Amino acid sequence: MKGHIDHDRLFKELLETFFGEFVELFFPRVYEAIDLEHIKFLQQEMFTDVTRGEKHRVDILVGTRLKGEPGIVLLHVENQASVEKEFAERMFIYFSRLYQKHRCRILPIVVFSYSQKRDEPDYFKLEFPFIPVLDFKFLTLELKKHKWRNYIKSNNPVAAALLSKMDYQKKERVQVKLEFLRMLVRMELDPARMTLLAGFFETYLRLSDMEEKQLEEEVGKIDKKEATRMMEITTSWQEKGRIEGRKEGMVEGQTNILLRQLKKKFNNIPFEMEKQLRALPAEKLQELAEAIFELETLDDVKNYLK
């Protein structure tokens, strides 16, 4: 769907790239306890909720050790981008399934990244009047409860990216981006990581044309060397964005042509099949386009998609 933001993918990229920095910034006691030299990102687990007929995938699962202790522990980090009434229950179900499979200590962490301020529970309980049966707890990070100005002196790249999800007023948007750029200049990261941070920030805090002009005016007031470096960084990721935008446009055009051909050949195609086709990468689209004359039925198309 056009305009859809893949929140899970964005947070996964950010936290997997800067996992140590994330834990150090928001969970210092955990940071002091775990051995970062033995960090290993494990394959995402898929769980099916039979009752609701839904499938859920664990966002980030990390295997590591505690300092001075043998054996593996798991850190399960979940990003929650929308309000969900029974989310705490879902975290317990994730925990149960993970424990059933791995049989080791698991530390659950939730990042609440939606745009409203709420008091989210950090537990799930089951009890009777005569006995508590379950008291499951997890660590939480509610980004909207964090003031953005408290992080602008940090050299932590996760802090820079997450300024865009913290608590700021509408009139502060230009200042937030200015301080984000200052943080990037100060950290002197390689271009790939710089682009990742910039892409994340811009997804959640994109200035209007008027605000961009205000930003240019603000940049003009600061140290010339720092201002020049800011403009270099901005130009670099804007150019990358234009290139990627052209690529996406080409893939979309190729998909539309292929769909027209299939609909003409088979009179029409099911909606689910169209969704699958739109999700194909460019190389798979090309393969299917080359094979189109060999496809005699919709079942042939289904088999190809499998």
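No lab work stands behind these numbers, since they all come straight from the coordinates. Since the structure is predicted, the reported quantities are computational estimates derived from the model, not experimental observations. Cβ placement follows ideal geometry from the backbone for every residue including glycine, while neighbour counts extend to all protein chains displayed.
Evaluated with a Cβ-only charge set (Lys, Arg +1; Asp, Glu -1), the chain carries a dipole of roughly 400 debye about its Cα centre, given to the nearest 20. Summed over qualifying helices (DSSP H, 4 residues or more, each -39500 (n - 2.57)) and divided by its residue number, the chain shows a 222 nm mean residue ellipticity of -16000 deg cm²/dmol. For the listed residue pairs K67/K137; K85/K117; K147/K170; K145/K221; K264/K302, the alpha carbons are over 20 angstrom apart in K67/K137; K145/K221.
Once a ≥ b ≥ c are taken as the square roots of the eigenvalues of the Cα gyration tensor of segment 16-102, is the result rounded (a/c under 1.5), prolate (a/b larger than b/c) or oblate (a/b not larger than b/c)? The shape class here is prolate.
A dipole drawn for the chain from +1 and -1 charges on Cβ atoms has a positive end, and of L295, N156, Q276 the residue lying farthest that way is N156. Residues whose amide H lies under 5 Å from that of D59, counting only those 5 or more places away or on a different chain, are N79; hydrogens are built 1.01 Å from N in the peptide plane.
When the square roots of the Cα gyration tensor eigenvalues are ordered a ≥ b ≥ c, the ratio a/c for segment 62-196 is 1.5 or more and a/b does not exceed b/c, which makes its shape oblate.
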